[in-house]
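Have a look at this one.
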There are 2 protein chains.
Amino acid sequence: MADALRVALLGCGVVGSQVVRLMREQADDLAARVGMPLELAGVAVRRPNRHPEVDAGLLTTDAPELVTRDDVDIVVEVVGGIEPARSLLLSALGHGKSVVTANKALLAEDGATLHDAAARAGVDIYYEAAVAGAIPLLRPLRESLAGDRITRVIGIVNGTTNFILSRMDATGAGFEEALGEATALGYAEADPTADVDGFDAAAKAAILAGLAFHTRVTLDDVHREGIGNVTAADITSAKAIGCTVKLLAICERTGPPGSEQIAVRVHPAMIPATHPLAGVGDAFNAVFVDAQAAGSLMFYGRGAGGAPTASAVLGDLVAVARNRINGSRGSGESAYADLPVRPMGEVSTRYHVALDVADQPGVLAAVAGAFAENGVSIQTVRQEGRDDAATLVLVTHAAPDAALSRTVRQLSTMAFVRHAASVMRVEGMASD
Amino acid sequence: MADALRVALLGCGVVGSQVVRLMREQADDLAARVGMPLELAGVAVRRPNRHPEVDAGLLTTDAPELVTRDDVDIVVEVVGGIEPARSLLLSALGHGKSVVTANKALLAEDGATLHDAAARAGVDIYYEAAVAGAIPLLRPLRESLAGDRITRVIGIVNGTTNFILSRMDATGAGFEEALGEATALGYAEADPTADVDGFDAAAKAAILAGLAFHTRVTLDDVHREGIGNVTAADITSAKAIGCTVKLLAICERTGPPGSEQIAVRVHPAMIPATHPLAGVGDAFNAVFVDAQAAGSLMFYGRGAGGAPTASAVLGDLVAVARNRINGSRGSGESAYADLPVRPMGEVSTRYHVALDVADQPGVLAAVAGAFAENGVSIQTVRQEGRDDAATLVLVTHAAPDAALSRTVRQLSTMAFVRHAASVMRVEGMASD
């Protein structure tokens, strides 16, 4: 056996450069923890002249060659995106390299192919950094809770949207204005689609659900709504019922044993201001896990950023390196449960609905009738009059999501309803 | 290889009976996750007739025989205490069994002997359940953060004392009264010494510090103060400065690289009511971990109770079983750093001091002079007069603990100081 484990790094941007730094600064500690030094064998980048922090001799533009080199033991991928990341990692696995990746999009799109390739090669693929940055979350789900039955995972897993919603809440700004601020401050990328439209959070939700419920979940299985339609009126309406608006990732197990389903969704929701997730600010992520025996657990920390994400990458790197030295692998994919995905329309949710209505007799009766017709019961109603108009604010009990959205559509066609001022799901209330 | 892994359980009380239940109820899931069924080979108890929940054929009073039986692969110990637990586990390890234990006292007293025995035998000893019940904490410290540099761990890790302090805070009760309530409600044991005097928290702190700093830490290395001397006046004084009193376990790394030390302590402290740990109620535990790259992480959940602790035991059981099937072991003890323990007197702390003093000119000057003489600078002073007496409330900046306690001793000898109404360390303030 060689006297060091050699690491190929794909990508040297915000995260990769921190991986290089930490590997250098903590070399002695890492060697002691692994039982052997970790050496950088090469760093694949697009523009070698932009990386003065890396020994020039290590830099290469030929990633496909790097991942197959005989002197490489472990490939760390922090490039992101589907291709060429997928081809590179499959090639690395095929050549017997262990893999550490932070690539949530790839894992959510095609994790199965990667897991299968790793299993065939008898090597590891670890990806703690793919979800919630530095927060140890995947390892606890995969290992610490492997003897328990997880029923629900709910969390804030995207920092950009959390920053935007926090600004809207703090300043009363509309979405576009808050997005502009986020872009100016570097919290949002030039093309913010992946964050704002919920793709990033949905990819993370797919990964979390797969681990929590021992089943394969892809991005397509996730019901996804972004925050682009969240208005200042929604934020105001949320405050009026003691809530705040957050983009939530929610993974649930539903139905009786034997005919269980899972439901995975990402959408904005109103949560009580007293809920621990309501206080999660800008750059932070937090995830609640409910398990039958363990009860409720919360994990909180920095969800993004170069150093926090690199911390998660290095934790995986140490684990994968130890396994290689021991000639073993960590626990691979666990997808035996093979659970069907419940369509969003059948998922049980609660709605907050604020309607601007004509102030005339019978309006409340008609509105209540529409909910009743669809089998939705109402928890609270508040009516606020102003001049000849009034606002009706309703919070429902839980009902199938389709029944709720059908009711809202029906209400919007009623002559006395002038405007649906705010329609949003409500989560985390005590009666849930 | 056999077609099942066989588990010997030592102890069938609050935790053990839940382990039996969960192994039965989740047998199919556990088999799928491990790759082989987990079977109960035997359960060692003192009084077999008290365990109707266990097949009579499995019960035995002969634990020493059970842990050496050829048909046992894994020994789960949930008895607690030093002996006979230590002898039984050493015998089990010596016979090649993997071990899962929740025994914090034994690990804090003599973890090294157990780790050495496991290493010699090439088997695992896992103990997630020993600290903070169901909260995945040890695995994140040992594995997820293995590529980072942990600087501080601070948390609430004992439910009994947290209940007592919460009651004192809520009702104004004194210590004895709140302890009586805790005993009546089953939150405190008949002999509450281990909890109240901080032994339980100190054992957990030793385990956390050892994992966080890659060094051996025993109970003797932990500075330990219980809550028996916390008074209603302390609680009132804490409120007056916007704080609440908690029993904290604090593990720190101090000093420059090359001459680093660690400090591990358990004592009551005032923390700001806005600090996340201040809101941690009765049965819950919460632990903050600060790491250089990852930043601040928080872990929160149920710290005790049969089912939550059993969840942690089963997570370890699955991990240990997978390793056995793979012919591998998980990461063993990591104690390469071998760091010296800083004496409590040299640890940097802050004090809150409330003094009942005679209301005469020059008192504040004399008090301030005593602090200055000992090199302690004062952050805030508040003086409240009443009749011929006054109360001086001081919060210091950080200083060596010995200088602070020397100052307090000196003050108490001054003629105009009638009474030290409340002396307690302060943690978690923004200027720390």
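Between segment B:291-312 and segment B:335-369, what is the separation of their alpha carbon centroids in Å?
Going from one Cα centre to the other spans 32 Å.
Per residue, how much accessible area does segment B:132-207 have with a 1.4 Å probe, in Å²? Provide the component values of the computation, followed by the final result.
Working: 2200 Å² over 76 residues.
Ligands and nucleic acids excluded, the figure is 29 Å² per residue.
With the label 7 angstrom out along Cα to Cβ, how close does residue A:340 come to the same site in each of the other copies, in nm, nearest first?
Nearest first, the other copies' label points are 6.8 nm away.
Among A:359, A:28, A:191, whose mean-square fluctuation peaks in a Gaussian network model of chain A (Cα, cutoff 10 Å)?
A:191
So what are the ³J(HN,Hα) numbers for segment B:346-358, from phi and the Karplus equation (6.51, -1.76, 1.60; θ = phi - 60°), rounded to whole Hz, Gly and Pro as x?
With the stated coefficients, segment B:346-358 comes to 9, 6, 7, 9, 10, 10, 9, 10, 10, 10, 7, 10, 5 Hz.
For residue A:382, place a label point 7 Å out from Cα along the Cα→Cβ vector, do the same in each other copy, and report the separations in nm, one decimal, smallest first.
Residue A:382 label point versus its equivalents elsewhere: 3.5 nm.
Something else about it: Between B:170, B:398, B:188, which gets the highest mean-square fluctuation from a Gaussian network model of chain B, Cα cutoff 10 Å?
B:170
Let me ask something else about it. Can you pull the percent of segment B:75-185's accessible area that's carbon plus sulfur, 1.4 Å probe, other chains left in place? Write down the numbers at each step before the final one.
Values: 1550 of 3030 Å².
After summing per-atom areas, the C and S share lands at 51 percent.
Okay, next question. Could you tell me the total accessible area buried at the B-A interface, probe 1.4 Å, in square angstrom to the nearest hundred? All intermediate terms of the calculation are to be shown ahead of the outcome.
Details: alone 17810 and 17790 Å², together 31920 Å².
Approximately 3700 Å² gets buried when B meets A.
In A, who owns the beta-carbon nearest the axis carrying A over to B, and how many Å from it?
Checking which Cβ lies nearest the axis yields A:328, 2.
Could you work out the relative contact order of chain B, using alpha carbon pairs under 8 angstrom and six or more residues apart, expressed as a whole percent? Kindly include the intermediate steps, with their values, before the conclusion.
Values: 909 pairs, mean separation 68.5, N = 432.
Relative CO of chain B lands at 16 percent.
Taking each residue of A:296-304 in turn, how many C-beta atoms of other protein chains fall within 10 Å of its C-beta, and what is the average? Walk me through the numbers on the way to the answer.
Numbers: counts 6, 10, 7, 8, 8, 9, 5, 0, 0.
Per residue, the average neighbour count from other chains is 6.
How many Å² of accessible area per residue for segment B:346-426, probe 1.4 Å?
On the way: 3610 Å² over 81 residues.
For segment B:346-426, the per-residue accessible area is 45 Å².
Can you list the copy-to-copy distances for residue A:189, using a point 7 angstrom from Cα toward Cβ, in nanometres, shortest first?
Inter-copy label distances (nm, one decimal, shortest first): 5.4.
Taking amide H positions as placed 1.01 Å from N in the peptide plane, with prolines and chain starts having none, which residues 5 or more places from residue B:43, or on another chain, fall under 5 Å of its amide H?
Correct list: B:9, B:59, B:60.
If you don't mind, there's one more thing I want to ask. At a probe radius of 1.4 Å, what is the per-residue accessible area of residue A:274, in Å² to the nearest 10?
For residue A:274, the solvent-accessible surface is approximately 130 Å².
Quick one: work out the % antiparallel among DSSP beta bridges in the protein assembly as shown, nearest 5. It would help to have the intermediate numbers written out before the result.
Working: 113 of 159 bridges.
Roughly 70 percent of the beta bridges in the protein assembly as shown run antiparallel, per DSSP.
Defining a contact as two alpha carbons under 8 Å apart and six or more residues distant in sequence, what relative contact order in percent does segment B:314-396 show? Can you show the working numbers first?
On the way: 71 pairs, mean separation 24.4, N = 83.
Across segment B:314-396, relative contact order equals 29 percent.
Can you classify segment A:248-323 as rounded, prolate or oblate using the Cα gyration tensor, where a ≥ b ≥ c are the square roots of its eigenvalues, rounded means a/c under 1.5, and otherwise it's prolate if a/b beats b/c and oblate if not? Write down the numbers at each step before the final one.
Numbers: a/c = 2.26, a/b = 1.26, b/c = 1.79.
Since a/c reaches 1.5 but b/c is at least a/b, the shape of segment A:248-323 is classed as oblate.
Now a separate question. For residue B:56 and residue B:397 in the same chain, what is the full-extension length gain: residue separation times 0.36 nm, less their Cα-Cα distance, in nm? Intermediate results must be reported in sequence, preceding the final value.
Values: separation 341, 0.36 × 341 = 122.76 nm, distance 6.21 nm.
Gain on extension, residue B:56 to residue B:397, equals 116.6 nm.
Just give the residues from segment B:142-159 buried by at least 20 square angstrom of accessible area in the all-chains context relative to the isolated chain, probe 1.4 Å, and say none if nothing qualifies.
Going by heavy-atom accessible area, the residues of segment B:142-159 that drop by at least 20 Å² are B:143, B:144, B:146, B:147, B:148, B:149.
To the nearest whole number, what is the average tally of beta carbon atoms from other chains within 10 Å of the beta carbons of peptide B:132-141? The partial results should precede the final answer.
Numbers: counts 0, 3, 10, 7, 12, 3, 1, 6, 10, 1.
Mean inter-chain Cβ contacts per residue within 10 Å come to 5.
So, one more: Within segment B:69-95, whose backbone N sits under 15 Å from a point 7 Å along Cα→Cβ of residue B:110?
B:80-94
Is the shape of the protein assembly as shown best called rounded, prolate or oblate, per the rule: a/c under 1.5 gives rounded, else a/b larger than b/c gives prolate, else oblate, with a ≥ b ≥ c the square roots of the Cα gyration tensor eigenvalues? Don't skip to the answer; put the middle values down first.
Numbers: a/c = 1.35, a/b = 1.05, b/c = 1.28.
Rounded, since a/c falls under 1.5.
HN-Hα J couplings of segment A:365-374 from phi, Karplus 6.51/-1.76/1.60, θ = phi - 60°, integer Hz, Gly and Pro as x?
Once rounded to whole Hz, the list reads 4, 5, 5, 4, x, 4, 4, 4, 4, 8.
Suppose each label sits 7 Å from its Cα in the direction of the beta carbon; what would the residue A:151-residue A:49 distance come out to in nanometres?
A separation of 6.1 nm, rounded to one decimal place.
In whole Hz and in residue order, list the ³J(HN,Hα) couplings for segment B:302-307 that follow from phi through the Karplus curve 6.51 cos²θ - 1.76 cosθ + 1.60, θ = phi - 60°; x for Gly and Pro.
Listing the rounded values in order: 7, x, 7, x, x, 5 Hz.
Here is a follow-up. Put +1 on the Cβ of every Lys and Arg and -1 on every Asp and Glu Cβ in chain B; which of B:190, B:138, B:294 then has its Cα farthest towards the positive end of the dipole?
B:294
While we're looking at this one, here's another question. From other protein chains only, count the Cβ atoms within 10 Å of every residue's Cβ in B:273-286, then give the mean.
Numbers: counts 0, 0, 0, 3, 0, 0, 2, 0, 0, 0, 1, 3, 0, 2.
Mean number of neighbouring Cβ atoms from other chains: 1.
Also, quick follow-up: State the extension gain, in nm to one decimal, for the chain segment bounded by residue B:170 and residue B:119, taking 0.36 nm per residue of separation less the distance between their alpha-carbons. Could the numbers behind the result be given before it?
Details: separation 51, 0.36 × 51 = 18.36 nm, distance 4.84 nm.
Extending this stretch completely gives an extra 13.5 nm.
Report the Cα centroid-to-centroid distance between segment B:65-120 and segment B:211-239 in angstrom, as an integer.
When both Cα centres are located, 28 Å separates them.
Moving to a separate point now. Report, in deg cm²/dmol and to the nearest 500, the calculated mean residue ellipticity at 222 nm for the protein assembly as shown, where each DSSP H run with n ≥ 4 adds -39500 (n - 2.57) and the sum is divided by the residue count. It would help to have the intermediate numbers written out before the result.
Working: 26 runs with 294 residues, N = 864.
One gets -10500 deg cm²/dmol as the mean residue ellipticity at 222 nm.
If the elastic network links every pair of Cα atoms under 10 Å, which of B:411, B:88, B:364 fluctuates the most in the Gaussian network model of chain B?
B:364
Which of the lysines could a cross-linker span from residue B:204 if the Cα-Cα distance has to be under 20 Å and same-chain partners fewer than 8 positions apart are dropped?
B:104, B:246
Please list, ordered by chain and number, the residues whose modelled amide H lies under 5 Å from the amide H of residue A:293; skip anything fewer than 5 residues away on the same chain.
Here the answer is A:149, since their amide H atoms fall under 5 Å of that of residue A:293.
Amide H to amide H, which residues 5 or more places from residue B:243 or on other chains are under 5 Å from it, using H placed in the peptide plane?
Under 5 Å from the amide H of residue B:243: B:273.
Rounded to the nearest 0.05, what FRET efficiency do residue B:25 and residue B:83 give with R0 = 25 Å and r taken as the Cβ-Cβ distance? Could you check?
On the way: r = 33 Å, r/R0 = 1.31.
Taking R0 as 25 Å, the efficiency between residue B:25 and residue B:83 is 0.15.
Ignoring any ligand, DNA or RNA, what whole percent of the accessible area of segment B:346-426 comes from carbon and sulfur when the probe is 1.4 angstrom? List each step's numbers first, then the result.
Numbers: 1870 of 3610 Å².
C and S atoms contribute 52 percent here.
Taking the Cα centre of each part, how many Å lie between segment B:125-139 and segment A:385-409?
Each part reduced to its Cα centre gives a spacing of 46 Å.
The values are calculated or read from the model by the stated rules, or taken from the named source; none is laboratory data. Quick caveat: nothing in here was measured; it's all calculated off a predicted structure. Please note: Cβ atoms are built from the backbone with ideal geometry, for glycine as well, and neighbour counts cover all protein chains shown. These accessible areas exclude ligands, DNA and RNA; they are computed on the full protein's heavy atoms, side chains included. Shrake-Rupley method; radii C 1.70, N 1.55, O 1.52, S 1.80 Å.
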